[in-house]
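Chemist: Below are the C-alpha cells for one structure; questions will follow.
What follows draws every value from the coordinates through simple rules; no lab data is involved. All values reported here derive from a predicted model rather than from experimental measurement. Here Cβ is always computed from backbone atoms with ideal geometry, including for glycine, and neighbour counts include all displayed protein chains.
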Amino acid sequence: MSTTSQPGTGQGSEHGLKPNALGTSDLVFIVVSAAAPLMVMVGVAPLALMIGGIGAPAAYVFAGVALAVFAVGFTTMSRHIDNAGAFYSYIAVGLGRTAGVIAALVALVSYNALQIGVYGLAGVAIQGTFMEVFGIDQPWWVYALACIVIVWYVGFRSVDFGAKFLAVLLTAETALLLVLAVAIVVQGGSSEGLGLESFAPSNVFVQPMTVILPTAFAAFMGFEATVIYRRETRDPRRTIPRATYLAVAVLAGTYAFIVWSIVQAFGAKGAVQAATDNGVGMFFVAGETYLGSWFTTAMHLLIATSVIASLVAFHNAVTRYSLAIADEGLLPAALAKVHPRTRAPYVAGLLQTALALVIVGGFALAKADPYTQLLIWVNTPGIFGILLLQVAAAVSVVAYFRKNSTGEGAWRTVIAPVVSAALMVFAIVLSAKNISFLTGTTGLVNQVLLLTIPVTCLLGLGWAVWLRRNRRDVFDAVAASCDTGADERSDR
C-alpha cells in the first residue's frame, strides 16, 4: 500500500480530497448517521419521557425548529465562504482571526470528545447484542477496540465508500424504527387509542421540559458537518444548504414521530410509568408487543450498527476539520496529507484513531463504567463546545454580512442568526443548570466538565496571542483563503 501523499488542499488537485464525490443524499446519510437515531431513541427517549412526561416529542420539534433557524444564516454564509473549516472558518471571517483560532481548538476538542465518548456506548451496546443474540460474553472494551479498527478502516477508504456504508446502516435502523411506529399506529396503540396529548400545551409548557431540552439538542449533534465536506461535494453552494435543511427535517420528524408513537404504544396515562419501569427496555417491550420476538433480535443487531455508523461519521468529521486547520498552518503539515489512492486524510485519521485507543484504553484499565463515565463524561464537554460554536457562528453571520454587501435579505443575515444565537444560549444555560441530569453525578466531576470548554477557550486565546507575536505569517493566513471580499479583519 502506497503511503506517498501530498498536502490536502482539496482544491480539485490530483492529490487532494476526492472532488464531486458526494451529493445531497450522501451528505444527509453522513450527517444523520452521526446522530445515531436508533440509539438516541432506544437509549435516551425513555429517559426524556420519564423526566419530561408525555410532552417529550415536542422537545425534539423545538430543537429541530431552533436548529433550522440557525441553518438559515449558516447555509447562507456557506455560499460565500469557500472553505471546509465550517465553524472555525466562519467565525474567523466574521469575528476575527483570534476568535477563529479559539474556535479551531474548541472544534477539535468537541468533535473528538463526541466521537471518542461513543466508544463506551459501542462497547456496551455490542456486548449486549452478542450476549443476547449469540450467547457470547466478552468485556465491553474488546468490542470498543474492534470498533476503533473498523472506524479507522472505513475512514481510510474513499469518502463515497463511507457514504455508501453509512447509507446502508442508516436505512436499516430508520426502517426498523418506522416499522415499529407504523405497527403501533395501524393497531391503534394502547386501549386508550391514538391521541395528540403529547403536543397539548398543558404537557409541553411545563418545567420538567426545560430539563430534557438539552438532550433534545444533543440528539442533533453533527448536523452542521455538511459544510466540512465542501471540497468533496458536487455543487456545494446548492448541495450543502439542501442537505443541511433536509438532515434537520429528517432528524426532527423522525424523533418526534417515533417518541409520539411509543407514547401511543403504552397510552398517555401509562407511557411515563412504562419508561420508569423499563428504561432502555421500553422499545423492546413495545416491539415484542406489537411485532413479536423477531423485532427484539433485529433491534439488538441494529443498535450495534447504529453506534458504528455514528462513530464513522464523527471520525470523518474530525479528520476533515483537522485537515482544514492544518492546511492553514495551525496544525502540523502532516495532518493535511491525503492518501493518493483513497483520497482520505489518512494521517489525521491515524492520529484520531491513536487518541481513541489511548482514551478508551485508559478508561478500560481504570475499570471505569463505559456508559456513565466514558460516554457521559467525555461527551458532555463536546455538547457544550458545539453549542458554543453555534452561538459564535450565528453571531459571525451577522458580523460578516454587516461588512459585506451581498444582496442577501435581513431574514437570512440578521434576524434568523440573532434568534438562533439566543436559542443556543438558552440551550447552553439549560444544559449547565441541569448538568447533573446529563451526567448522573454531582460535585467535582460536573465542575470539571463545565470548565473544560472555558479552559479550552483560554488555551485557544493563548495560542492565538503566541501566533500573533511569533508566527505572524500563520496568524495572518487564518481563514484568508475563504475570505471572499470582507474588509480587513480585526486582529482581535
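Chemist: Sort W294, W463 by Cβ crowding within 10 Å, fewest neighbours at the top.
Modeler: Numbers: W294 10, W463 17.
Going from least to most buried by this count: W294, W463.
Chemist: Going by average Cβ neighbours within 10 Å, how do the peptides 354-367, 239-252, 101-114 rank, with the highest at the top? Show your work: numbers first, answer last.
Modeler: On the way: 354-367: 15.6, 239-252: 21.9, 101-114: 26.0.
With the highest mean Cβ count within 10 Å placed first, the list reads 101-114, 239-252, 354-367.
Chemist: Could you pull out the GluC sites (Glu not before Pro) across the stretch 170-242 that fall in loop regions by DSSP (anything but H, G, I, E, B) with no more than 11 other Cβ atoms inside 10 Å?
Modeler: Details: sites: E173, E192, E197, E224, E232; in loops: E192.
Here no loop site has a sparse enough neighbourhood.
Chemist: By how many degrees, between 0 and 90 and to the nearest 10, does the Cα long axis of helix 236-266 differ from the longest principal axis of the chain?
Modeler: Taking Cα atoms only, the helix is inclined about 20 degrees.
Chemist: For A298, what is the net charge nearby, where nearby means another residue's Cβ is under 12 Å from its Cβ and Lys, Arg count +1, Asp, Glu -1? Show your work: numbers first, answer last.
Modeler: Details: positive: none; negative: E132, E173, E288.
Local net charge: -3.
Chemist: Let me ask something else about it. Can you give me the long-range amide H partners of V338? Hydrogens built in the peptide plane at 1.01 Å from N, cutoff under 5 Å, separation of 5 or more residues or another chain.
Modeler: Here the answer is Q6, G8, since their amide H atoms fall under 5 Å of that of V338.
Chemist: Going by C-beta contacts inside 10 Å, put S293, S190 in order with the fewest on the left. Intermediate values should be presented prior to the final figure.
Modeler: Working: S293 10, S190 20.
The order, fewest Cβ neighbours first, is S293, S190.
Chemist: Still on this structure: For the stretch 312-396, what class follows from the C-alpha gyration tensor (a ≥ b ≥ c being the square roots of its eigenvalues): rounded when a/c is under 1.5, otherwise prolate if a/b is larger than b/c, else oblate? Before the final figure, lay out each step's value.
Modeler: Values: a/c = 2.55, a/b = 1.24, b/c = 2.06.
Here the stretch 312-396 falls in the oblate category.
Chemist: Cα centroid distance between the stretch 95-131 and the stretch 309-323, in Å?
Modeler: 9
Chemist: Would you order M299, M131 from fewest to most other beta-carbon atoms within 10 Å of each residue's own beta-carbon? Don't skip to the answer; put the middle values down first.
Modeler: Numbers: M299 24, M131 13.
Fewest to most other Cβ atoms nearby, the residues stand as M131, M299.
Chemist: Please list 3J(HN,Hα) in residue order for the stretch 368-377, calculated via the Karplus relation 6.51 cos²θ - 1.76 cosθ + 1.60 where θ = phi - 60°; whole Hz, with x for glycine and proline.
Modeler: Rounded to whole hertz, the list is 6, 6, x, 8, 6, 10, 4, 5, 5, 5.
Chemist: For the Cα atoms of the chain, what angle does the longest principal axis make with the long axis of helix 140-156, in degrees from 0 to 90, nearest 10?
Modeler: 40
Chemist: Continuing with the same structure: Tally Lys/Arg at +1 and Asp/Glu at -1 over every other residue whose Cβ is under 13 Å from the Cβ of F70; what's the total?
Modeler: Values: positive: R412; negative: E224.
With Lys, Arg at +1 and Asp, Glu at -1, the neighbours total 0.
Chemist: Follow-up. For T233, what residues show an amide H to amide H distance below 5 Å, using hydrogens built from the backbone and excluding near sequence neighbours?
Modeler: N20, A21, L22
Chemist: Pairing the Cα long axis of helix 416-433 with the longest principal axis of the chain, what angle in degrees results, from 0 to 90 and rounded to the nearest 10?
Modeler: Long axis of 416-433 versus the principal axis of the chain: about 60 degrees.
Chemist: If the cut-off is a Cα-Cα distance under 27 Å, which lysines reach K164, setting aside same-chain residues fewer than 8 apart in sequence?
Modeler: Once the sequence-local lysines are set aside, what remains near K164 is K18, K337.
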